[in-house]
Ligand SMILES: NC(=O)c1ccc[n+]([C@@H]2O[C@H](COP(=O)([O-])OP(=O)(O)OC[C@H]3O[C@@H](n4cnc5c(N)ncnc54)[C@H](OP(=O)(O)O)[C@@H]3O)[C@@H](O)[C@H]2O)c1
């Protein structure tokens, strides 16, 4: 073979390599662009919702927001403060809560934003908060049950599984203690911040402590299911007293909620949350809507997502389950005298299974 022919062969091999590299580059760039487009569209979809569609103000009305020192609670407090409300941040850490109240007062030029101590993982603290609130505050128009725990298996100071204790039972007790005040200021509102995870929640009255079946998501979903059932039960009991109750799913929001989720899964979820989820300001819009909108009376009791009332999954409309949950909750907060005598045994059994030894 002549030297010239050898050179031509080498050149055509080089040209083939270049073409191959070029096509690999194009394929890689295409894949990357598709991934980015997918993430962009997914982000748009998750963040879809828009601002609260009403400019209504609630000047002078008093609002309690549990967990108002961070995330969605803080954003809701800021928005309602802008709309003239007297806002009480109900927080377990007074140092954090006072600093946030100060920041909101400064930002919104509304001097009526305060913090009061409430630890939902202690029934004693819930009672203390309610007593202090009722003593000092003449009015209550909106109660927003927003605070939540999500994380490894822990118990409250009353020995109850923590998701159930903080997210559901603490709010059950708080609402019960404040309902008279809400009634006096009717029309008033209760807003329970749930999550679409409620759909997969399962209430097992033979193991409310989740001895056998604890999982971070499972326990959280179960507590939100209980809160959804409570929303319907409160509506059934108090609509005639002109207290309107709503459940809100705020969407997927980038907050500190995932901070206790351990391991790689936790890290992955936190990164995804930063990239894809709504901001707390976007996430609070439907809660604000339920707190201030005029034409929501006919939708009381319902679940709101992106300012629209939607139906619950069918399992939540189980009146027998609602009755059992109500009675178990009454027993857990020490109100056996309010349970129908023939249902006390059943309530005690369910409540016993909620306690960790
Ligand atoms: N983020 C989401 O994607 C999402 C989705 C659906 C529903 N939600 C719901 O939105 C609500 C707000 O959550 P977030 O996302 O804003 O999370 P967040 O930033 O972690 O806020 C949770 C709040 O609850 C408070 N809290 C926790 N345990 C408490 C206790 N024992 N007593 C009193 N307060 C307690 C926290 O106080 P500390 O700061 O002292 O811990 C914090 O202020 C929750 O009900 C959550 O389930 C959130």
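Any read-out appearing in this document is the output of simple, stated calculations on the displayed coordinates, not a laboratory observation. Remember, predicted model here, so these are calculated numbers, not experimental data. Heads up, the Cβs are rebuilt from the backbone with ideal geometry, glycines too, and the neighbour counts pull from every protein chain shown.
The C-alpha atoms of the chain define a longest principal axis, and helix 3-47 lies at about 10 degrees to it. Here the peptides 99-107, 175-183 are ranked by packing, the mean other Cβ count within 10 Å, and the order with the highest first is 175-183, 99-107. Out of the DSSP beta bridges found with both residues in the chain, what percent are antiparallel (nearest 5)? The antiparallel proportion sits near 15 percent. Here the extension length gained between residue 196 and residue 56 equals 47.7 nm, from 0.36 nm per residue of separation less the Cα-Cα distance. Structure remark: mean-square fluctuation, Gaussian network model of the chain, C-alpha springs under 10 Å; the largest value among 233, 338, 281 belongs to 338. For the chain, a Gaussian network of Cα nodes joined below 10 Å ranks 97, 263, 71 by mean-square fluctuation, and the top entry is 263.
Structure remark: mean-square fluctuation, Gaussian network model of the chain, C-alpha springs under 10 Å; the largest value among 341, 111, 280 belongs to 341. Of the peptides 23-30, 224-231, 123-130, the ranking by mean beta-carbon count within 10 Å, highest at the top, reads 224-231, 123-130, 23-30. Helix 71-82 axis versus longest C-alpha principal axis of the chain: approximately 60°, rounded to the nearest ten. In the frame of its principal axes, region 252-333 has Cα extents of 40, 36, 25 Å, reported largest first. Angle, helix 123-136 long axis vs. longest principal axis of the chain, Cα atoms, 0 to 90°, nearest 10? Here the helix axis deviates by roughly 70 degrees. Sorted largest first, the spans of the alpha carbon positions of region 151-275 along the three principal axes are 49, 37, 25 Å. Each peptide in 159-165, 243-249 was scored by the mean count of other Cβ atoms within 10 Å over its residues; highest first, the order is 243-249, 159-165.
Expressed per residue, the C-alpha convex hull volume of the chain stands at 193 Å³.
Full extension of the chain segment joining residue 42 with residue 139 gains 30.6 nm, where the gain is 0.36 nm per residue of separation less the Cα-Cα distance.
Would any residue of region 295-338 have its amide N under 16 Å from a label point 7 Å out along Cα→Cβ of residue 352? List them or say none. What the label zone holds, given the 16 Å backbone N cut-off, is 328-329, 331-332.
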